[in-house]
């Protein structure tokens with residue numbers, strides 16, 4: 001009996017902003033070595049110009065650029081994600097995998113993590129994001145910036 005897999009909501013078109021924590025720093029003493037830390041990526045929705053997928057146009061309004069890139073990423077996941085993994089595991093019900101990653105200053109995904117699903121599916125989600133085609137990097141205040149991106153992958157297995 002073949003398990004039918006239905007992609008419940010394809011992939012939500014969501015880019016969830018991460019809270020930026022600001023911590024007060026302790027005063028530096030002369031004996032401490034001060035190193036510059038890399039700034040945290042800004043949330044996808046806050047960039048002046050979001051990362052752009054190959055078919056997205058720079059002349060479009062920001063909201064349309066964001067939606068275009070979100071659709072591109074979601075379509076990539078829909079095409080590349082092997083839903084047969086679910087049937088091999090013999091699972092039923094709803095499975096939700098939360099995928100988070102950073103789009104770096106070169107437009108490539110990095111720091112990819114996936115949680116919520118069975119480990120084999122989480123790892124597969126990471127592999128699918130790793131092969132995401134290069135995007136045009138995000139810009140903020142005239143500078144190239146890294147942005148954080150979060151997307152759920154939801155399956156309803158019957």
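The values are calculated or read from the model by the stated rules, or taken from the named source; none is laboratory data. Keep in mind that what you see is a predicted model, and the values were worked out from it rather than measured. Please note: Cβ atoms are built from the backbone with ideal geometry, for glycine as well, and neighbour counts cover all protein chains shown.
Checking the structure you have, find out if any residue of region 56-67 is exposed (fewer than 14 other Cβ atoms within 10 Å of the Cβ), free of Cβ contacts under 8 Å to residues at least 12 places away in the same chain and within 15 Å of the chain's Cα centre (by Cα). No - not one qualifying residue is present in region 56-67. Scanning region 50-83 for residues that are over 19 Å from residue 139 (Cα atoms) and outside any helix (DSSP H, G or I) turns up 81, 82, 83.
Any chance region 114-133 includes a residue that's in contact (Cβ under 8 Å) with a residue 60 or more places away in the chain, over 24 Å from residue 48 (Cα atoms) and in contact with a strand residue (DSSP E or B) (Cβ under 6 Å, 6 or more places away or on another chain)? Quick ask: steps written out before the conclusion?
Going through region 114-133, the residues in contact (Cβ under 8 Å) with a residue 60 or more places away in the chain turn out to be 133.
Remaining after also requiring over 24 Å from residue 48 (Cα atoms): none.
Within region 114-133, not a single residue is in contact (Cβ under 8 Å) with a residue 60 or more places away in the chain, over 24 Å from residue 48 (Cα atoms) and in contact with a strand residue (DSSP E or B) (Cβ under 6 Å, 6 or more places away or on another chain).
Here residue 106 passes the criteria (1) farther than 18 Å from residue 40 by Cβ; (2) exposed (fewer than 15 other Cβ atoms within 10 Å of the Cβ); (3) in contact (Cβ under 8 Å) with a residue 24 or more places away in the chain except the one numbered (1).
Would you pick out the residues in region 144-156 that are closer than 15 Å to residue 52 by Cα and out of contact with any helix residue (DSSP H, G or I) (no Cβ under 7 Å at 6 or more places or on another chain)? Give the steps one after another, and end with the answer.
Keep residues of region 144-156 that are closer than 15 Å to residue 52 by Cα, which gives 144-149.
Hits for region 144-156 are 144, 145, 146.
Condition check ((1) over 24 Å from residue 157 (Cα atoms); (2) in contact with a helix residue (DSSP H, G or I) (Cβ under 8 Å, 6 or more places away or on another chain); (3) at pLDDT 95 or above) across all residues:
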residue: 16; (1), (2), (3): yes, no, no
residue: 48; (1), (2), (3): yes, yes, yes
residue: 108; (1), (2), (3): yes, no, yes
residue: 113; (1), (2), (3): no, yes, yes
residue: 119; (1), (2), (3): no, no, no
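Taking the condition closer than 27 Å to residue 121 by Cβ, surrounded by 17 or more Cβ atoms within 10 Å (Cβ to Cβ) and at pLDDT below 80, does residue 77 pass? In short, no. Yes or no: region 84-96 includes at least one residue that is in contact with a helix residue (DSSP H, G or I) (Cβ under 6 Å, 6 or more places away or on another chain), under 14 Å from residue 151 (Cα atoms) and outside any helix (DSSP H, G or I). No, every residue in region 84-96 fails to be in contact with a helix residue (DSSP H, G or I) (Cβ under 6 Å, 6 or more places away or on another chain), under 14 Å from residue 151 (Cα atoms) and outside any helix (DSSP H, G or I). Residue under question is residue 125, and the condition is that it be under 12 Å from the mean Cα position of the chain (by Cα), assigned to a strand (DSSP E or B) and surrounded by 20 or more Cβ atoms within 10 Å (Cβ to Cβ); does it hold? Against the criterion (under 12 Å from the mean Cα position of the chain (by Cα), assigned to a strand (DSSP E or B) and surrounded by 20 or more Cβ atoms within 10 Å (Cβ to Cβ)), residue 125 does not qualify.
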